[in-house]
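Chemist: Here's a structure for you.
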Amino acid sequence: MRIAVVGSGYVGLVAAACFAEIGHSVISIDNDRDKIAMLQRGESPIHEEFLPELLARHRGGKLTFSSDLPAAVKNCDAVFIAVGTPSTEHGDADLSYVEQVSREVASAIDGYKIVVEKSTVPVFTSNWIRRVMLLDGANPDHFDVASNPEFLREGTAVGDFLYPDRIVVGADTERCAALLRKIYEPLTSGEYYQQKNIIPNTTGASIPSRIIVTSTKSAELIKHASNAFLATKISFINAVANICEAVGADIKEVCEGIGSDARIGRRFLNPGIGYGGSCFPKDLKAFSSVARETGYDFRLLQEVMTINADQRARFLRKVRSALWTLKGKKLAVLGLAFKGGTDDIRESPAIEIVKDLLKEGCEIQAFDPAAAERARSVLPTHGINYHASEYEAADHADALLILTDWPEFARLDLARLKTAMAYPIVIDGRNLYDPALMAKAGFIYSSVGRADVQTPVVRANGKAEKSATAMQGKTE
Ligand code: UGA
């Protein structure tokens, strides 16, 4: 089938490349001409596993790039809208880009096509798209509007697209549902998985993929409710982690125990410094606002957001407890991205924590495998240096903070790290290490939802034992 994807951000670009991968002829549209030129040159504007391979495989063949939306609409069977829906100052989704694209599509439409919203949007958006298209003169027989939310996680978006837990399609006519079924048929019939040289299944999802066809309103709600539920799970476990700290229990053991109940599940039960990213914070506010408009006060979501914000404040208190005073302290920071595997720093808890530490007068020595460039553009220039490795960042540091769950941060050479640092203090906001192992390696180690540990003899970089022990006074 011939597909136009409008918007070449994280969602649009991944969708376009994956549609090409499963055999469709795809044109990716963006009004940012620099981005289109970059994609035409074969460069990927985002850091996403397997995306460079897909771009190399399909660019110029099944996948082309353009800024000419009317021409793309005329030459396709389905238009996917994947433009941004940022938060307004009141927390609801700003749908002006969606509206603008809908109007442009309406003016170009010249035969039956489906217009599919893929951006995360509130319930009723497909009704609004239909309405503005009709007002702009589109023939009602020439289009249907559908909702096809994505459940892609940054960093594993290509795998999530090709090996989804489910594909949700919201369509209000059988003709439209049939077209969407056809688009996803290579995944739902299993045909794609029979081919050679396909992208490997890293998500563990069972194949062939399952498709769920609903009304457009249900599909729109499924997206918001899924993200809200996952964020609730994270805030729930963060709250339980705080109780673990108070009573001396171990959150890892507690997660194992509750996550083994198939009704609860182990995934998304990792405590830490709170969720971030371009989706959960925005979608929770938007869903809360949708609920309010329907006359329902979704108080649970407010609490989820409050617990999330508190989690960052708690982490800062841990840093203070470990170091006593913060002014002038040299802190190694591992991780700036909102999670591992991505260069995205939008709503990153790590960035917020670094900003707070800089305000306190700390000197930050930061390392992130992919997000440093982006971080540089939003963080103050004074008081922070960016380094090329974990060990460089740790050089002469008073403490090391782990703020992002990059897999490589869980495999550090602890002896080398300890030698590099001025004091062997690690405050781990992502629970990447076993506390007993850290104590054995000679670290004073603090994490989330587990007891702090320290080795009986603290010896860092040949420095006096006493000072390091004294510095973490409040943690004892
Ligand atoms: C999230 C959803 O997981 C996707 O299904 C959805 O498609 C996407 O939003 C979206 O709406 O576009 P994403 O924001 O890429 O995906 O990242 P997640 O892997 O969900 O992580 C979100 C945040 O929660 C990160 O800051 C992560 O560190 C944190 N998190 C995640 C935890 O603190 N604990 C966990 O157990 C899991």
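Chemist: Specify which of the listed residues (ILE183, ILE198, ILE264) is hydrophobic (A, V, I, L, M, F, W, C), over 26 Å from ALA313 (Cα atoms), more than 11 Å from the ligand (Cβ to nearest atom) and buried (at least 18 other Cβ atoms within 10 Å of the Cβ).
Modeler: So the residue among ILE183, ILE198, ILE264 that is hydrophobic (A, V, I, L, M, F, W, C), over 26 Å from ALA313 (Cα atoms), more than 11 Å from the ligand (Cβ to nearest atom) and buried (at least 18 other Cβ atoms within 10 Å of the Cβ) is ILE183.
Chemist: Could you list, in sequence order, all residues of segment 67-116 that are buried (at least 16 other Cβ atoms within 10 Å of the Cβ) and hydroxyl-bearing (Ser, Thr, Tyr)?
Modeler: Answer for segment 67-116, where residues must be buried (at least 16 other Cβ atoms within 10 Å of the Cβ) and hydroxyl-bearing (Ser, Thr, Tyr): THR85, SER87, TYR97, SER102.
Yes/no matrix, rows are residues, columns are (1) at pLDDT 95 or above; (2) surrounded by fewer than 20 Cβ atoms within 10 Å (Cβ to Cβ); (3) part of a strand (DSSP E or B); (4) more than 14 Å from the ligand (Cβ to nearest atom):
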{"residue": "TYR192", "(1), (2), (3), (4)": "yes, no, no, yes"}
{"residue": "THR203", "(1), (2), (3), (4)": "no, yes, no, no"}
{"residue": "SER218", "(1), (2), (3), (4)": "yes, yes, no, yes"}
{"residue": "PHE229", "(1), (2), (3), (4)": "yes, yes, no, no"}
{"residue": "ILE234", "(1), (2), (3), (4)": "yes, no, no, no"}
{"residue": "GLY274", "(1), (2), (3), (4)": "yes, no, no, no"}
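Chemist: For ALA241, state whether it is in contact (Cβ under 8 Å) with a residue 12 or more places away in the chain and either aromatic (Phe, Trp, Tyr) or in contact with a Phe, Trp or Tyr (Cβ under 8 Å, 6 or more places away or on another chain) (or both).
Modeler: no
Chemist: Condition test on THR188, is it more than 16 Å from the ligand (Cβ to nearest atom), of a type in the set (Val, Ile, Thr), within 28 Å of THR294 (Cβ to Cβ) and modelled with pLDDT of 95 or more?
Modeler: No.
Chemist: I've got another one for you. Among the listed residues VAL158, VAL240, VAL169, identify the single one that is of a type in the set (A, V, I, L, M), under 17 Å from VAL14 (Cα atoms) and not in a loop (DSSP other than H, G, I, E, B).
Modeler: VAL158
Chemist: Would you mind stating whether GLY257 is more than 9 Å from the ligand (Cβ to nearest atom) and farther than 30 Å from THR125 by Cα?
Modeler: For GLY257, the condition - more than 9 Å from the ligand (Cβ to nearest atom) and farther than 30 Å from THR125 by Cα - is met.
Chemist: I'd like to know if segment 281-293 contains one or more residues that are closer than 19 Å to SER226 by Cα, within 16 Å of the ligand (Cβ to nearest atom) and either among the β-branched types (Val, Ile, Thr) or in contact with a Phe, Trp or Tyr (Cβ under 6 Å, 6 or more places away or on another chain) (or both).
Modeler: yes
Chemist: Scan ALA56, ALA15, ALA20, ALA37 and give me the residue that is assigned to a helix (DSSP H, G or I) and within 16 Å of the ligand (Cβ to nearest atom).
Modeler: ALA15
Chemist: Another question, if that's okay. Does segment 236-252 hold any residues that are within 16 Å of the ligand (Cβ to nearest atom) and not aliphatic (A, V, I, L, M), and which are they?
Modeler: Answer for segment 236-252, where residues must be within 16 Å of the ligand (Cβ to nearest atom) and not aliphatic (A, V, I, L, M): PHE236, ASN238, ASN242, CYS244, LYS252.
Chemist: Same structure again: Given the conditions (1) free of Cβ contacts under 8 Å to residues at least 12 places away in the same chain; (2) crowded, with 22+ Cβ neighbours inside 10 Å, and given that ARG292 satisfies all but one, which numbered condition is not satisfied?
Modeler: (2)
Residues are listed down the side, and each one gets a yes or a no for (1) in contact with an Asp or Glu (Cβ under 7 Å, 6 or more places away or on another chain); (2) charged (D, E, K, R); (3) modelled with pLDDT under 95:
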| position | (1), (2), (3) |
| --- | --- |
| CYS279 | no, no, yes |
| LYS282 | no, yes, yes |
| ASP297 | no, yes, no |
| LEU300 | no, no, no |
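Chemist: Give the residue that is nearest to VAL115 (Cα to Cα), with candidates limited to residues of segment 125-149 that are at pLDDT 95 or above and within 16 Å of the ligand (Cβ to nearest atom).
Modeler: Of everything passing the filter in segment 125-149, SER147 is nearest to VAL115 (Cα to Cα).
Chemist: Further question: Within segment 407-434, count every residue that is in a helix (DSSP H, G or I) and within 15 Å of the ligand (Cβ to nearest atom).
Modeler: Qualifying residue count, segment 407-434: 3.
Chemist: For ILE364, work out the one condition from (1) farther than 24 Å from MET421 by Cα; (2) in contact with a strand residue (DSSP E or B) (Cβ under 7 Å, 6 or more places away or on another chain); (3) free of Cβ contacts under 8 Å to residues at least 40 places away in the same chain it doesn't fulfil.
Modeler: Going through the list (1) farther than 24 Å from MET421 by Cα; (2) in contact with a strand residue (DSSP E or B) (Cβ under 7 Å, 6 or more places away or on another chain); (3) free of Cβ contacts under 8 Å to residues at least 40 places away in the same chain, ILE364 breaks only (1).
The values are calculated or read from the model by the stated rules, or taken from the named source; none is laboratory data. Keep in mind it's a predicted model, so treat the numbers as computed, not measured. Positions of Cβ are backbone-derived with ideal geometry, glycine not excepted, and every protein chain shown enters the neighbour counts.
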